[in-house]
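K.L.:
Okay, here's the structure, questions in a sec.
The values are calculated or read from the model by the stated rules, or taken from the named source; none is laboratory data. Just so you know, these numbers come straight off a predicted model, no measurement behind them. Neighbour counts are summed over all protein chains in view; Cβ atoms, including those assigned to glycine, are modelled from backbone coordinates with ideal geometry.
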Amino acid sequence: MNDRMKIVAGDSNPALAKEIADYLDMDLAEVELIRFKDGELSVKICENVRGVDLFIIQSTSNPANDHLMQLLLLIDAAMRASARRITAIIPYYGYARQDRKVEPRVPISAKVVANLLQAVGVNRVVTMELHSDQIQGFFDIPVDNLFASPKVIEYLNEINIDQPVVVSPDTGGVVRARFLASRIQAGLAIIDKRRPKPNVSEVMNVIGEVKGKNCILVDDMIDTAGSITQAAKALKANGAKDIYCVSTHAVLSGPAVERLQSADFREIIITNTIMVPEENRLPNMKILSTANLFGEALRRIHEGESVSSLFL
C-alpha cells in the first residue's frame with residue numbers, strides 16, 4: 001500500500017489490528033494512549049496523517065464506554081490533524097441491540113452512537129454483522145456491513161459435519177440461518193422462544209426436524225449465553241446428536257463462559273471481532289480470524305473498488 005494510507009488502532013483488540021495491518025503488508029501507526037487517575041482518556045497519533053486516507057480500528061466491546069470514547073477521541077485527533085478521509089473500522093458495534101423504541105421513555109442507543117461518530121468527523125464506517133441492518137440507515141455517511149459467513153462456511157466445509165441442520169435460536173435470525181444452510185447444503189430449523197426481559201429467554205418449541213441430526217446453532221452474538229444454551233437443551237430434548245455453536249461476536253458477559261462450559265456443545269465457533277481473554281477460552285472453542293476480510297475491505301475502499309463483491 002502507498003504512503004497515502006495509514007492505519008491506527010485503539011486498545012480494544014490489538015491482535016486483530018496487527019493481523020489486518022500484516023494482511024496489507026503495513027505497520028500500524030504509533031498511538032499514545034493515556035488514562036488519567038480520574039478515569040479520563042487521552043490519545044495522541046504520533047505520526048503525520050495530514051492528507052492521508054486514515055483507518056482507525058477499534059471495537060466498542062467491554063468496557064464499551066471506554067472503547068467508544070477512545071474511538072471518538074482518535075477520530076477527533078485525526079480530523080484536527082487534517083487527515084484526508086477518516087474511516088472507522090468497528091469490528092463489533094456496541095449498543096446495537098438498542099436499535100428501536102420498544103417501550104416508553106427509552107433511548108435508541110444505536111442511533112446515539114451513530115450521531116456521536118458523525119459529530120466528531122468520521123467519513124465512513126466499516127463494521128461486521130450489525131445486530132440489525134436498519135442501523136446502517138442511522139448514518140448519513142457510507143456504512144459497510146461485512147459478514148463473517150465466508151470464514152464460517154470455509155471452516156464448516158473443512159470439518160464436514162454429517163447430516164447437518166442449521167438452527168436459528170429465534171425467529172429474528174432466520175435469514176442468517178437460511179443463508180448458511182443454503183451454502184453448506186444443510187437442513188433448517190428454528191427455535192420459537194419468548195423473551196420476557198433483556199438477557200432472559202424462554203425456549204418454547206423447535207420448528208423443524210432435528211432428531212438424529214447434527215445441529216449448528218447460529219447467532220450474531222453470544223452475550224450471557226442464556227439463549228444459545230437453552231436452545232441447545234431444547235435441541236437435545238428433541239433428539240439432536242452433536243450440537244455446534246456458531247457466533248460472530250463473543251461478548252461473553254456475566255455467566256456466559258460458565259454456561260458455555262456446562263453446555264453440551266461439540267464445538268463453539270466464534271470470530272476474533274472481540275478479543276477473547278485466555279481465561280475465557282474453552283478447549284472446544286475455535287476462533288476464526290476475520291483479518292483478511294477487514295484487510296481486503298480496507299484495500300478496496302482505499303483503491304475505490306467494490307466492497308460488496310467480497311460476499312457475492
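K.L.:
Considering segment 13-61 alone, what residues qualify as being of a type in the set (Lys, Arg) and closer than 19 Å to Val122 by Cβ?
P.N.:
If the condition is that a residue be of a type in the set (Lys, Arg) and closer than 19 Å to Val122 by Cβ, then Lys44, Arg50 are the ones that fit.
K.L.:
Same structure again: Out of the residues in segment 161-171 that are modelled with pLDDT under 95 and more than 18 Å from the chain's Cα centre (by Cα), state the one that is farthest from Ile222 (Cα to Cα).
P.N.:
That would be Thr171.
K.L.:
Here is a further query. Output the residue which, of all residues in segment 253-273 that are more than 16 Å from the chain's Cα centre (by Cα) and polar (S, T, N, Q), is nearest to Leu288 (Cα to Cα). Walk me through it before giving the result.
P.N.:
Start the filter on segment 253-273 by keeping residues that are more than 16 Å from the chain's Cα centre (by Cα), which leaves 254-267.
Among the residues that remain, those that are also polar (S, T, N, Q) are: 261-262.
Values: Gln261: 19, Ser262: 22 Å.
For segment 253-273, the residue satisfying everything is Gln261.
For every residue, the table says whether it meets (1) at pLDDT 95 or above; (2) under 15 Å from the mean Cα position of the chain (by Cα); (3) crowded, with 21+ Cβ neighbours inside 10 Å; (4) of a type in the set (Gly, Ala, Ser).
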residue	(1), (2), (3), (4)
Ser82	yes, no, no, yes
Pro91	yes, yes, yes, no
Gly94	no, yes, yes, yes
Arg100	no, no, no, no
Glu103	no, no, no, no
Lys111	yes, no, no, no
Asn115	yes, no, no, no
Met128	yes, yes, yes, no
Gln134	no, no, no, no
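K.L.:
Looking at (1) modelled with pLDDT of 95 or more; (2) closer than 18 Å to Leu180 by Cα; (3) among the aliphatic types (A, V, I, L, M), which is the one condition that is false for Leu310?
P.N.:
Unmet for Leu310, out of (1) modelled with pLDDT of 95 or more; (2) closer than 18 Å to Leu180 by Cα; (3) among the aliphatic types (A, V, I, L, M): (1).
K.L.:
I've got another one for you. Mind checking which pairs have a first residue in segment 7-18 that is touching a residue at least 60 places away in the same chain (Cβ under 8 Å) and not assigned by TED's automatic domain parsing to the domain that holds Gly295 and a second that is among the basic types (Lys, Arg) and outside any helix (DSSP H, G or I), Cβ under 7 Å, 6 or more apart or different chains?
P.N.:
Cβ pairs passing all conditions: none.
K.L.:
So, of the residues in segment 238-279 that are touching a residue at least 40 places away in the same chain (Cβ under 8 Å) and among the polar types (S, T, N, Q), which turns out to be farthest from Ile159 (Cα to Cα)?
P.N.:
Ser253
K.L.:
Filtering segment 234-287 down to residues that are among the hydrophobic types (A, V, I, L, M, F, W, C) and in contact with a Phe, Trp or Tyr (Cβ under 6 Å, 6 or more places away or on another chain), which residue is surrounded by the fewest Cβ atoms within 10 Å (Cβ to Cβ)? Let's see the steps before the verdict.
P.N.:
Of all residues in segment 234-287, those among the hydrophobic types (A, V, I, L, M, F, W, C) come to 234-235, 237, 240, 243, 245-246, 250-252, 256-257, 260, 263, 265, 268-270, 274-276, 282, 285, 287.
Subsequent filtering for residues that are in contact with a Phe, Trp or Tyr (Cβ under 6 Å, 6 or more places away or on another chain) retains 243, 245, 274.
Numbers: Ile243: 25, Cys245: 28, Ile274: 23.
Looking at residues that are among the hydrophobic types (A, V, I, L, M, F, W, C) and in contact with a Phe, Trp or Tyr (Cβ under 6 Å, 6 or more places away or on another chain), I get Ile274.
K.L.:
What are the residue pairs meeting all of these: first residue in segment 58-87, first residue under 21 Å from Arg299 (Cβ atoms), second residue at pLDDT below 95 and charged (D, E, K, R), Cβ atoms under 8 Å, and 6 or more apart or on different chains?
P.N.:
Arg84/Arg4
K.L.:
Does segment 81-90 contain at least one residue that is at negative phi and in a helix (DSSP H, G or I)? Step through it out loud before you land on a result.
P.N.:
Step one: list which residues in segment 81-90 are at negative phi, which gives 81, 83-90.
This time we only want the ones that are in a helix (DSSP H, G or I), so: none.
No, every residue in segment 81-90 fails to be at negative phi and in a helix (DSSP H, G or I).
K.L.:
Can Ala231 be described as surrounded by 15 or more Cβ atoms within 10 Å (Cβ to Cβ), farther than 24 Å from Glu158 by Cα and either at pLDDT below 95 or over 24 Å from the mean Cα position of the chain (by Cα) (or both)? So that I can check it myself, show each step before the final result.
P.N.:
Numbers: surrounded by 15 or more Cβ atoms within 10 Å (Cβ to Cβ): yes; farther than 24 Å from Glu158 by Cα: yes; either at pLDDT below 95 or over 24 Å from the mean Cα position of the chain (by Cα) (or both): yes.
Taking the combined requirement at face value, the residue satisfies it.
K.L.:
Give the residues of segment 114-142 that are more than 15 Å from Ala78 (Cα to Cα), without any contact (Cβ under 8 Å) to a residue 24 or more places away in the chain and either part of a helix (DSSP H, G or I) or among the hydroxyl-bearing types (Ser, Thr, Tyr) (or both), sorted by residue number.
P.N.:
The answer is Asn115, Asp133, Gln136, Gly137.
K.L.:
What do you reckon, is Glu32 within 30 Å of Ser253 (Cα to Cα), without any contact (Cβ under 8 Å) to a residue 60 or more places away in the chain and either touching a strand residue (DSSP E or B) at 6+ places or on another chain (Cβ under 7 Å) or part of a loop (DSSP other than H, G, I, E, B) (or both)?
P.N.:
yes
K.L.:
Which ones in segment 288-309 are surrounded by 15 or more Cβ atoms within 10 Å (Cβ to Cβ) and either under 18 Å from Leu130 (Cα atoms) or hydrophobic (A, V, I, L, M, F, W, C) (or both)?
P.N.:
Leu288, Ser289, Thr290, Ala291, Leu293, Phe294, Ala297, Leu298, Ile301, Val307
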